[in-house]
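No lab work stands behind these numbers, since they all come straight from the coordinates. This is a predicted model, so every value here is computed, not measured. Don't worry about glycine lacking a Cβ; one is built from the backbone with ideal geometry, like all the others, and counts go over all protein chains shown.
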Amino acid sequence: MQTILGAGGQIAVELARELNRTSTSGLRLVSRHPRKVNDSDSLASADLLDAAQTAAAVEGSRIVYFTAGLPADTELWERQFPVMLRNALDAARATNAKFAYFDNTYMYPQDDRVQTEDTPFAPVGRKGRVRAAMASMVLEEMARGDIPVLIARAPEFYGPGRTQSFTHALIIDRLKAGRRPLVPVRDDTRRTLIWTPDASRALAVLGNTEDAFGQVWHLPVRDDRPTYRQFTAMAAATFGRPARYTVLPRWALSAAGLFSAPARELRELLPRYQHDNNFDSTRFVTRFPEFRITTHSEGLEAIRREAAGAQR
């Protein structure tokens, strides 16, 4: 049995599809209100803030994937994320399951240095500190050695379905709605974006590879990192829209935070948009050279087709 905790998000949905396709039909999906992705899925309703519910949902699992997400609310992250993760780790250890932790890059320095699995943590802002503390918790579990543990880390998302990221919301969602895209801070910085189905496929590969445990992995990304100017032009052409966009300077986004909760949540991440984002996935692509990474044009076209189908 392989179990996905936080089964409602886009990463978890794509992970369930991939695991069912390649690894196992014995999948358990866990969330407060789980829904089947595959006909053979089993469902377990649990609040990951409750240790007993989490333990019951994980019992008997061979591999546990932690993909839980929360809205971009800093206080919610501080209150809930560490508790959810601690309960998940304790539950996996109690049932002697492997543990695969899906992570992001908020704990990294927000500058243009190359980010590898060995980059030291230097979080900027409260959300970054939460993610650094969570990653450290998993690393401590890995070092303890009671159960096999891995970390799979992804940069910013773009993708189908309910994919959520600031780039996705400001550029792709606005193009889908026939509105002008917005670019945060600068349009000449290079961005590393991961196609969410690629992230989920790679997580499934890692979870079912014995020698992947005991390590941190950067999930696979393209080396041809586009600038925001290039990515927005590609996206606009795909959707048949004019290649026009508005750059939102840092001062404007900071000022908007006085009146808008989403803008306030973005403010502490603004430094990362001032610099090239050089997320390196050499370790993964060297270990799994057969893994095919989706091109940006392929990903954008898939989003366009999905949006066109939804409008029919």
With the 8 Å Cα cutoff and a minimum separation of six or more residues, segment 80-164 has a relative contact order in percent of 38 percent
Long-range amide H partners of V247, meaning residues 5 or more apart or on another chain whose placed amide H is closer than 5 Å, are V183
What number in nm² do you get for the chain if you take the convex hull of its Cα atoms and divide its surface by four? 15.4 nm²
Residue-wise, which Karplus ³J(HN,Hα) couplings in Hz belong to segment 237-246, taking 6.51 cos²θ - 1.76 cosθ + 1.60, θ = phi - 60°, and x for glycine or proline? 4, 4, 8, x, 10, x, 7, 10, 8, 10
What list of ³J(HN,Hα) values in whole Hz, one per residue of segment 64-77 in order, does the Karplus curve 6.51 cos²θ - 1.76 cosθ + 1.60 (θ = phi - 60°) give from phi, with Gly and Pro shown as x? 10, 9, 9, 10, 4, x, 9, x, 6, 10, 4, 5, 5, 4
What order, most packed first, do the peptides 46-56, 71-81, 102-112 have when packing is the mean number of other Cβ atoms within 10 Å of each residue? 102-112, 46-56, 71-81
Quick calc, S23 & R287: beta-carbon distance into FRET formula, R0 22 Å, rounding 0.05, result 0.80
For labels at T295 and D187 in the simple 7 Å Cα→Cβ model, what's the distance in nm? 2.4 nm
Assuming R0 = 22 Å, can you tell me the calculated FRET efficiency for the pair K36 and D90, based on Cβ-Cβ distance, to the nearest 0.05? 0.25
Counting only residues 5 or more places away or on other chains, whose amide H sits under 5 Å from the amide H of F99 once H atoms are built in the peptide plane? V64, V149, L150
Distance (nanometres) between label positions extended 7 Å along Cα→Cβ at R180 and F121: 4.1 nm
Residue separation times 0.36 nm, minus the C-alpha to C-alpha distance between D73 and A302: what's the value? 79.5 nm
How long is the gain from L49 to Q80 if the chain were fully straight, where each residue apart is worth 0.36 nm and the alpha carbon distance is subtracted? 10.5 nm
